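Note sheet for the following structure.
The values are calculated or read from the model by the stated rules, or taken from the named source; none is laboratory data. Nothing here was measured: the structure is a model prediction, and the numbers come from that model. A quick note on method: Cβ atoms are made from the backbone with ideal geometry, for glycine too, and the neighbour counts reach across all protein chains shown. Side chains are part of the model used for accessible areas, which takes the heavy atoms of the whole protein and leaves out ligands, DNA and RNA. Shrake-Rupley method; radii C 1.70, N 1.55, O 1.52, S 1.80 Å.
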Amino acid sequence: MPEITTKPQTKTQPKTERPKLYKVILVNDDFTPREFVVTVLKGEFKLNEDQAHRVMITAHRRGVCVVAVFTRDVAETKAMRATDAGKAKGYPLMFTTEPEE
């Protein structure tokens, strides 16, 4: 009887890279009321009252503060919506994005 040998089949799966992350940054200005900034942070970024207040104060003291880190599309969308919320009320509120290192 002939001897049968079988070779196990191996499947190669391509490795998918994780998407690059982007920081959403709150830029301080001297005109937008603090309460409004806290409201935008709570509404758009789902921060609680204490977290939103800390982010706002940090941006006030240092000039900028990282709010959160997301994938590029999400970060740009949230930054744009938060900035637009300020513009709608006539405030120079500004959020920017930059790649996380």
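A few remarks follow.
- Working from label points 7 Å from Cα in the Cα-to-Cβ sense, the T39 to T96 distance is 2.6 nm.
- Label-point separation, R61 to F31 (7 Å along Cα→Cβ), nm: 2.6
- Here K23 is the anchor, and the lysines within straight C-alpha reach of less than 20 Å, apart from those fewer than 8 places off in the same chain, are K42, K46, K78.
- The calculated P(r) of the chain, using every Cα pair and 10 Å bins from 0, goes 15, 40, 18, 6, 6, 5, 5, 4, 1, 0 in percent.
- Cβ charges +1 (Lys, Arg) and -1 (Asp, Glu), total dipole of the chain, debye: 160
- Dipole of region 1-47 [Lys/Arg +1, Asp/Glu -1 at C-beta], most positive-end residue of F45, V24, Q9: Q9
- CD proxy at 222 nm, helix term only [per DSSP H run n ≥ 4: -39500 (n - 2.57); per residue of the chain; nearest 500]: -14000 deg cm²/dmol
- At an R0 of 35 angstrom, the distance between the Cβ atoms of R81 and T12 translates into a FRET efficiency of 0.25.
- Only protein atoms count toward the accessible area here, which uses a 1.4 Å probe; on region 37-101, the carbon and sulfur part of that area reaches 50 percent.
- Label-zone membership for region 59-88, site L21, 7 angstrom Cα→C-beta point, backbone N under 18 Å: 65-79
- The residues of region 3-101 expose on average 77 square angstrom of accessible surface per residue, using a 1.4 Å probe on protein heavy atoms.
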